[in-house]
Amino acid sequence: MELKGSGVAVLLERAEVETFLALAEELHFGRVAERLGLTTGRVSQTIKKLERRIGAPLFERTTRQGRHDPARPRTGHRLGAVGGRHG
């Protein structure tokens, strides 16, 4: 999948999209890890990698949960449309 933002195209792997969408729904790294059969560390690494490639944070991290970064409200909408979800 290709995500365009700020004039730069970013090619995303399926696992990155699935992890992002699951975290956007759950807003909890541990539940996403359990849901996808991954470790919490793998979920965190995948999101960090995605954020580096996009060049911006996608979630605010707390010790208890992940929250959408308010600066990125449209990213989830674009990724959700690709994943068959609309919101």
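Computed from the coordinates by the stated procedures, all read-outs in this text should not be read as laboratory data. Computed from a predicted model, the values in this text were never measured in an experiment. Virtual Cβ from ideal backbone geometry, glycine too; neighbours counted across all protein chains shown.
At-a-glance table
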| item | result |
| --- | --- |
| Fewest-first sequence of Phe59, Phe29 by Cβ atoms within 10 Å of each Cβ | Phe59, Phe29 |
| Environment charge of Leu36, counting only residues whose C-beta is closer than 14 Å and scoring Lys/Arg +1, Asp/Glu -1 | -2 |
| Nonlocal amide H pairs with His28, under 5 Å, H built at 1.01 Å | Gly66 |
| Order of Thr63, Thr46, Thr19, Thr40 under a 10 Å beta carbon neighbour criterion, fewest first | Thr63, Thr40, Thr46, Thr19 |
